[in-house]
Structures are given as C-alpha cells and as structure tokens.
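Below is one structure, written out as structure tokens, with a few remarks after it.
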Amino acid sequence: MLSDINSLTYTELKSFETFIHSPYFNGYDTIKKLFHYLKKIYPNIPQKAGLEKIISTAVYGNEKVSSITIRKLVSDFDKLLDKFLIHERTERDKLENEVKLLNEFGKKLLWRSYERKITEMQSYSDSEFGIDENYYFNKLNYYSEFFIHSHTTSSKDTSKISLKKIEYLNLYFVYQTLVFNINYYSDRYTHKAVKRRPPGMIQNVYGFINEHIKYFSKSYPDIMTLYYKSLMTETGDVKYFDALQNYYRRNKTNLIPI
C-alpha cells in the first residue's frame, strides 16, 4: 500500500527517491510523478479510500484514465518499494553479499575473482559476520563455500573446514530451535489452545547443550542466555533465572557476547 511509505525515515525516503530516479530500477515517469506527490504529503499519506482520484489528478492531470490504469500504477509503485527495501537490506548485510558474490564467481567460473574474495574473507573478524542468528547463518554459508573451495585447491585443511561447516550448521539449528521454543511458550493463546508440545527437537537441543556445556559456556553466551530463557519460559521455574544470573556472575570478566 502507498501508505507504507509513512513508515520510512526521512533518510530512507530520500534514498527511495534516488532509487526511483535510477533508470536501472525505474523507467516510468508516471511513477516519478506519483512519488513527487506522495513526498509532499509524507508522512501523512492516507489509506486507499479516496486516494484514487487524487492520484489521477496528481499524475495524469486532466487526462482521463481508467481505474485499472490507476491500480496498475499503484501496483507497480508498490513492487518498486518492495525492491527498494530488499536492496536496502542487502546493502546492510555485508557478509551475506560477500557469500552470494562468491557463489556467483563460482557459477561463472571466475576463479581469479573467487580466489581473491575468499582470501580476503579469511581475514574477517567474528564481529563482521553479524549478530544473533545472522552470525551463525553467515558463518555456515561462508564455511560451505570455503569447503567447496578446499576441494578445488586440494587443500590439506578440507577435513578441518568440513568440521567447521558442520559445527555452524549445528549452532544455527540450536539457536533457531531455542528462539522458536521461547516464542512458542511466550504466546499465551497458542500455549492455551494447543495442548501439546511444539513439534521439533527441543529436548535433543537441551541434551546437546548439557553434553557440551563447557563449550557453550565459554564460547557462546548468546546461546546460553537463550537456553536458560527457553527453560524458564517453558517451565516457569525461577531456578533457571537464578542459573542465568550465576552464569554471568561466574563469566562476566571473560565473556564477549557475539
């Protein structure tokens, strides 16, 4: 909907204007005129009711156009806004772009560019891989590409890289399972309406963390936090809150959360 533009910041609105005026993304003057009008009334763009006639006048002047033409214009504009938001998200996630670029280099057999990029990425710090689930997702995708690369170069590190790939696959699964379980038990309506445990492997995840508790406690405080919160949310037992507090008291001097 056109009123979705109200949620953009002014900086985002200016970026969207540049996006619309780029011939690569948009070649329609009618969309530029529509944006020019909407910019004047931003951030108070009304809902659909009564907007069709205003749009017709703002974009087409005295020219008579059908409702179908107006709806097509609005639809095209909305699609362009979708593309803009995707573009903005892509620009913000550097590592996701780098992995995608690696993948494209490989598909197009551009091996010199591939080698240059993967060598460059080996020097990236952990902080450059993002935070929360993005960290684990980007690490998984990176090691997946690195694993493929290790085969093409007959690297002696192939087995080590394979283990890293599996490690981050497990970590990503653990992270997502804990988040899902917290959300499930935080939703009182769902918990009341569905009289059964949520599908998944949460008990297996709990067991896996317990089995490797020293590993998680030392290296992944974000997962430990989710672990205690998940148990606390699921059971309502305050002992897990106490366990979380004790965990940070013991480790606050040497833990740097991702």
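The values are calculated or read from the model by the stated rules, or taken from the named source; none is laboratory data. On a predicted model such as this, the values are computed, not experimentally measured, just so you know. Note: ideal-geometry Cβ built from the backbone for every residue, glycine included; neighbour counts use all protein chains shown. Note: areas computed on protein heavy atoms with side chains; ligands, DNA, RNA excluded. Shrake-Rupley method; radii C 1.70, N 1.55, O 1.52, S 1.80 Å.
Some values worked out for this structure:
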quantity	calculated
Residues located in region 116-132, provided they are surrounded by 17 or more Cβ atoms within 10 Å (Cβ to Cβ) and farther than 19 Å from N103 by Cα	G130
Close pairs from region 140-160: first closer than 13 Å to Y114 by Cα, partner in a helix (DSSP H, G or I) and modelled with pLDDT under 80, Cβ under 6 Å, at least 6 apart	S150/T158
Output for region 77-102, where each listed residue is within 23 Å of L34 (Cβ to Cβ), aliphatic (A, V, I, L, M) and open to solvent by 50 Å² or more (accessible area, probe 1.4 Å)	L85, I86
Any hit, region 143-154, residues being open to solvent by 80 Å² or more (accessible area, probe 1.4 Å), of a type in the set (S, T, N, Q) and modelled with pLDDT under 80	yes
Selection count, region 155-164, where residues are open to solvent by 70 Å² or more (accessible area, probe 1.4 Å) and part of a helix (DSSP H, G or I)	4
Looking only at region 175-196, and only at residues there that are at pLDDT 60 or above and aromatic (F, W, Y), the one that is surrounded by the fewest Cβ atoms within 10 Å (Cβ to Cβ)	F180
Filtered residues of region 18-72 (kept if open to solvent by less than 40 Å² (accessible area, probe 1.4 Å) and either closer than 23 Å to E88 by Cβ or in contact with a strand residue (DSSP E or B) (Cβ under 8 Å, 6 or more places away or on another chain) (or both))	F19, I20, S22, N26, I31, L34, F35, L38, I45
